[in-house]
Amino acid sequence: MKAKQWPITLLITLPFLLTTCNRHVTPAMQVKEEEGFETPYTVNSDPSPLPLTPEQTLASFRLPKGYHMELVASEPMITEPVAIAWDGNERMYVAQMETYMQTVDTTGEHEPHSRIMLLEDTNNDGRMDKSSVFIDKLMLPRMILCVGSELLVNETDTYDIYAYKDTNGDGVADQKRCVYHINKRAPGNLEHQRSGLDWNMDNWIYVTVDPVRFRYKNGMLEADTLASGSNGQWGLTHDNFGRLFFSRAGGENAGSGFQINPAYGQLEFRDAYIDSTFGAVWPIIKTPDIQGGLKRIRPDTTLNHFTAGNGQSIFRGDRLPKTLVGDYLINEPVARIIRRAKVLNKAGKVTLENAYDKQEFIASTDMNFRPVNTYTGPDGCLYIVDMYRGIIQEGTWTAKGSYLRPQIQRLGLDKNIQRGRIYRLVYDRLSRGPKPKMLSEPGSKLVAYLDHPNGWWRDNAQKELVVRQDKAVIPVLKQIIKGEAAFGHKPSALGRLHALWTLEGLEALDKSIVLTAMKDEDEQVRRAAVWVSEPWLIANDVDMLTQLKAMKDDASYDVRVQLLLSLHKSQSPKAKELVNEVLEANTGNEMLKNTQLAIERNDDVKKYGIKLGSLNEANRKMILNGAMIFQSLCSTCHGPEGQGLPSQVAPPLAGFSQRLMTNKDAMIKILLHGLTGPIEDKTYPDIMPPMGANEDEWIASVLSYVRYDLGRPNRGGVSTEELSRILVKPEEVKNMRQHTAGRDKAWTWTELAPAPKAPN
């Protein structure tokens with residue numbers, strides 16, 4: 001009898017179903033989260049600065065009822081940890097900044113003595129029991145990302161990224177190759193340099209500070225410029241739907257950049273996070289070691305506001321209460337707390353709100369508890385990286401004459417070094433999830449994990465399939481997007497969402513599947529379908545534009561916002577008409593109105609704008625470089641347009657005192673050595689740190705931008721003579737550097753402003 005011919009899709013799908021349906025991990029039983037805390041809110045006003053044992057530190061935490069902290073690793077296995085990453089088999093890589101602030105004077109900080117450790121839990125009890133030095137002799141490693149069997153690493157003071165691999169299984173990297181190289185030194189002190197390497201759902205890898213994102217293709221990183229700049233400082237994360245969350249510690253801002261993707265421009269709202277209920281912090285320990293001085297201390301001796309928000313994450317696991325999923329977690333290591341915020345979406349605009357009234361999710365009375373990163377782990381729990389040390393501020397803020405230095409020395413905090421802990425947060429009656437083995441599993445098994453209840457599994461399955469460029473799974477991915485039972489059950493909305501983006505990463509999207517996704521019952525799938533339709537919009541595809549027109553009144557504001565963002569990619573008159581229709585139908589919506597303004601500002605940046613139209617190429621390049629520096633660094637405290645921040649952490653520069661803005665020498669002095677004390681009789685909570693470690697060209701660029709773009713009432717074109725007076729030349733910085741070479745403290749306003757020069 002002749003064998004029956006099976007359809008090719010079934011031939012691919014049948015073994016997939018047979019091998020994976022029994023491996024689908026059922027979500028852990030979700031228990032109801034208890035209300036209240038284990039202990040009342042009290043402040044320890046006389047904490048000991050001496051280091052505690054890990055067991056003593058575990059007893060120092062104040063947690064909500066039902067939550068408990070477990071130790072995963074500690075010194076001497078790890079020292080000075082700042083970031084972790086898991087590979088597809090749950091092996092943990094730990095980046096250690098082992099030369100960070102070993103003395104109050106930063107002795108040896110930039111020597112290549114740091115390393116990355118590889119940790120393993122061989123008996124699956126949740127505690128690391130095997131370790132090896134994976135990479136040695138690094139210069140303060142700051143970003144790591146597992147990609148297949150390689151680890152991508154970036155070090156401080158460089159833009160270069162290398163891939164490391166252990167080829168013989170001894171736990172030590174023996175192969176190194178460059179995946180991204182720029183022949184340029186990265187400027188700024190180590191607190192002002194990049195972090196991240198976050199592989200987002202859209203298959204772009206994002207970082208903070210630098211105005212780029214990366215695509216991993218053929219084993220290399222390809223950069224894409226973000227015209228309006230990136231965002232943030234230490235810490236970057238994304239939610240279940242690909243929304244990025246940055247923060248700006250320098251601006252005392254514990255959340256930023258989460259309204260739209262930075263590829264479309266920058267959009268912030270003053271009332272999205274900075275207010276009395278979110279900016280205030282609630283430690284349970286006296287906090288004398290703060291760089292803001294006495295203005296940052298409450299009568300009960302505790303820190304009163306975010307000063308060092310960092311290491312944020314959106315919890316996306318399945319082994320803590322369901323009510324925690326989707327919440328925003330961010331560290332404040334000066335306060336020794338971890339904030340839990342509810343992410344609220346009101347008509348497309350996102351806001352953050354503290355989950356507790358004048359209390360924090362996690363707080364400690366241990367003076368050396370310094371949380372610097374949080375993560376959703378492979379086991380579905382929350383992981384916390386604790387640098388566990390005395391000093392948590394870089395040397396710029398601990399110099400002689402600073403408020404911090406005597407506090408550190410009085411308490412002996414500078415002696416508390418070379419320790420570190422990693423903790424896991426667990427919950428009563430919820431056990432840890434299973435251990436992954438993704439590196440050795442075929443694509444047919446990885447596809448099932450796209451529907452896993454733990455976001456870590458979904459992300460890493462998608463990443464692994466994209467890195468492998470496994471085309472064999474394309475038919476199954478299309479089944480999932482159509483909502484067909486590819487796992488023995490109908491795929492969830494998150495499963496369909498990841499399947500769509502996995503197809504995008506495999507460069508296997510077709511118009512019909514995108515059109516199908518646009519009609520999905522879930523708003524985030526529809527939003528993603530609009531997002532991935534952009535190649536057709538660039539090509540002015542009629543069918544795609546017709547379907548988008550049918551979505552202009554979508555019930556979800558997130559979908560309408562994405563319509564504006566994506567339609568901007570098309571030059572078709574029909575696309576422009578549709579944008580106008582969406583705006584006209586939503587005239588009262590704050591988010592849609594400001595999204596369109598952000599897109600238009602982004603266009604202006606790409607075109608240079610009227611302000612730069614009269615400049616020659618060299619001067620335009622200098623000011624654009626200065627603008628990029630300002631947006632990535634200076635705007636943290638002075639605001640994106642130099643208009644200041646609601647927190648008033650630093651003076652506004654737009655329209656700032658002409659006594660200073662017209663005094664070129666004074667501005668150079670401030671950037672070289674810093675500025676402290678009251679400014680025009682107003683006191684700010686922080687100092688202007690010195691930037692003299694940067695090159696003369698760097699300082700000249702940022703000052704030229706500030707004087708040209710922010711320091712003039714009329715920002716139109718200028719004459720050649722006036723331009724010469726405004727711009728700062730590198731040789732002028734060099735001369736002032738030599739003239740003030742003996743100065744070792746910040747300037748004061750009275751030294752610089754009482755006898756200003758005429759405009760020069």
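A short reminder: the numbers here are calculations on the coordinates, not readings from a lab. Just so it is clear, the structure is predicted and the values come from calculations on it, not from any experiment. Every residue, glycine as well, gets a Cβ built from its backbone with ideal geometry; the counts of neighbours run over all protein chains shown.
Here the peptides 506-512, 284-290, 58-64, 468-474 are ranked by packing, the mean other Cβ count within 10 Å, and the order with the highest first is 284-290, 58-64, 468-474, 506-512. Loop-located trypsin sites (Lys or Arg not before Pro) in the stretch 92-197 (DSSP state other than H, G, I, E, B) with a sparse environment of at most 10 neighbouring Cβ atoms within 10 Å: Lys184.
Working note: Karplus 6.51/-1.76/1.60 with θ = phi - 60° gives the stretch 526-543 the couplings 4, 4, 5, 5, 4, 4, 7, 7, 4, x, 6, 5, 4, 7, 6, 5, 5, 4 Hz, where Gly and Pro are set to x. For the stretch 518-523, the Karplus equation 6.51 cos²θ - 1.76 cosθ + 1.60, evaluated at θ = phi - 60°, returns couplings of 5, 9, 5, 6, 8, 5 Hz by residue, with Gly and Pro reported as x.
So what is the relative contact order of the stretch 54-427, in percent, for Cα pairs below 8 Å that sit 6 or more residues apart? Relative CO of the stretch 54-427 lands at 17 percent. Given a Förster radius of 56 Å and the C-beta distance between Ala550 and Glu641 as r, what FRET efficiency does 1/(1 + (r/R0)^6) yield to the nearest 0.05? That pair, Ala550 with Glu641, gives E of 0.90. Projecting the Cα atoms of Tyr449, Gln631, Tyr383 onto the dipole axis of the chain, where Lys and Arg carry +1 and Asp and Glu carry -1 at the beta carbon, places Gln631 farthest toward the positive end. Compared with the direct C-alpha span, the chain from Glu534 to Lys65 gains 164.2 nm at full extension, assuming 0.36 nm per residue. The stretch 534-574 and the stretch 463-498 have their alpha-carbon centroids 24 Å apart.
Rounded, prolate or oblate: which fits the stretch 54-427 when a ≥ b ≥ c are the square roots of the eigenvalues of the alpha-carbon gyration tensor, with rounded for a/c under 1.5 and prolate only if a/b beats b/c? Since a/c stays below 1.5, the shape of the stretch 54-427 is classed as rounded. The convex hull drawn around the Cα atoms of the chain, when projected onto a plane and averaged over every direction, covers 34.8 nm². Set the Förster distance to 30 Å, then compute FRET efficiency between Lys519 and Glu33 from the Cβ-Cβ distance, nearest 0.05. So, using R0 = 30 Å, E works out to roughly 0.25. Think of the chain as a dipole: +1 on every Lys or Arg Cβ, -1 on every Asp or Glu Cβ, centred on the Cα centre; then among Gly126, Ala493, Tyr159, Ala493 lies furthest on the positive end. Rounded to the nearest 20, the Cβ-based charge dipole of the chain about its Cα centre (Lys and Arg +1, Asp and Glu -1) stands at 660 debye.
Between Asn580 and Lys621, the contour length at 0.36 nm per residue exceeds the Cα-Cα span by 11.3 nm. Remark: the Ala508-Asp224 segment gains 100.1 nm on full extension, using 0.36 nm per residue and subtracting the alpha carbon distance. With the Cα gyration tensor of the stretch 454-532 giving a ≥ b ≥ c as the square roots of its eigenvalues, does the rule (a/c under 1.5 for rounded; else a/b larger than b/c for prolate; else oblate) give rounded, prolate or oblate? Verdict is rounded for the stretch 454-532.
Please tell me the relative contact order of the chain in percent, rounded to the nearest whole number, where contacts are Cα pairs under 8 Å and at least six residues apart. Across the chain, relative contact order equals 12 percent. Counting only DSSP beta bridges with both residues in the chain, the antiparallel share comes to about 95 percent. Excluding same-chain neighbours fewer than eight residues apart, the lysines reachable from Lys349 by a Cα-Cα span under 16 Å are Lys593.
For the stretch 522-615, the Cβ-based charge dipole about the Cα centre amounts to some 380 debye (Lys, Arg positive; Asp, Glu negative; other atoms uncharged). A straight line joining the Cα centroids of the stretch 199-268 and the stretch 341-387 runs 19 Å. Put the Cα centre of the stretch 132-167 next to the Cα centre of the stretch 275-295 and the gap is 35 Å. Separation of the alpha carbons by more than 20 angstrom is noted, of Lys445/Lys478; Lys569/Lys607; Lys482/Lys519; Lys65/Lys346; Lys400/Lys669, for Lys65/Lys346. Among the trypsin sites (Lys or Arg not before Pro) found in the stretch 333-418, those both in a DSSP coil and sparsely packed, with 11 or fewer other Cβ atoms within 10 Å of their Cβ, are Lys358, Lys400. Spin-label model, Arg215/His739: points 7 Å from Cα along the beta carbon direction are separated by 5.0 nm. Straight Cα distances below 18 angstrom link Lys729 to the aspartates and glutamates Glu617, Asp665, Glu695, Asp696, Glu697, Asp709, Glu721, with same-chain residues fewer than 8 positions distant left out. Legend: calculated FRET efficiency, Cys178 to Ala753, from the Cβ-Cβ distance at R0 = 35 Å, rounded to 0.05, equals 0.15. Between Asp681 and Tyr41, the distance separating the two model label sites (each 7 Å from Cα on the Cα→Cβ line) works out to 3.7 nm. Which one of Thr365, Ile290, Val343 is farthest out on the positive end of the charge dipole of the stretch 280-369, using unit charges on Cβ (Lys, Arg +1; Asp, Glu -1) and the Cα centre as origin? Result: Val343, furthest along the dipole toward the positive end. Taking the Cα centre of the stretch 54-427 as reference, the dipole from Cβ charges on Lys and Arg (+1) and Asp and Glu (-1) amounts to some 940 debye. Taking label points 7 Å from Cα along the Cα-to-Cβ direction, Asn89 and Asn123 give a separation of 2.1 nm. Once a ≥ b ≥ c are taken as the square roots of the eigenvalues of the Cα gyration tensor of the stretch 261-335, is the result rounded (a/c under 1.5), prolate (a/b larger than b/c) or oblate (a/b not larger than b/c)? The shape class here is oblate. In order along the stretch 457-474, the phi-based Karplus estimate (6.51 cos²θ - 1.76 cosθ + 1.60, θ = phi - 60°) of 3J(HN,Hα) comes to 5, 4, 4, 6, 5, 4, 4, 5, 5, 5, 4, 6, 6, 7, 6, 5, 8, 4 Hz; Gly and Pro are listed as x.
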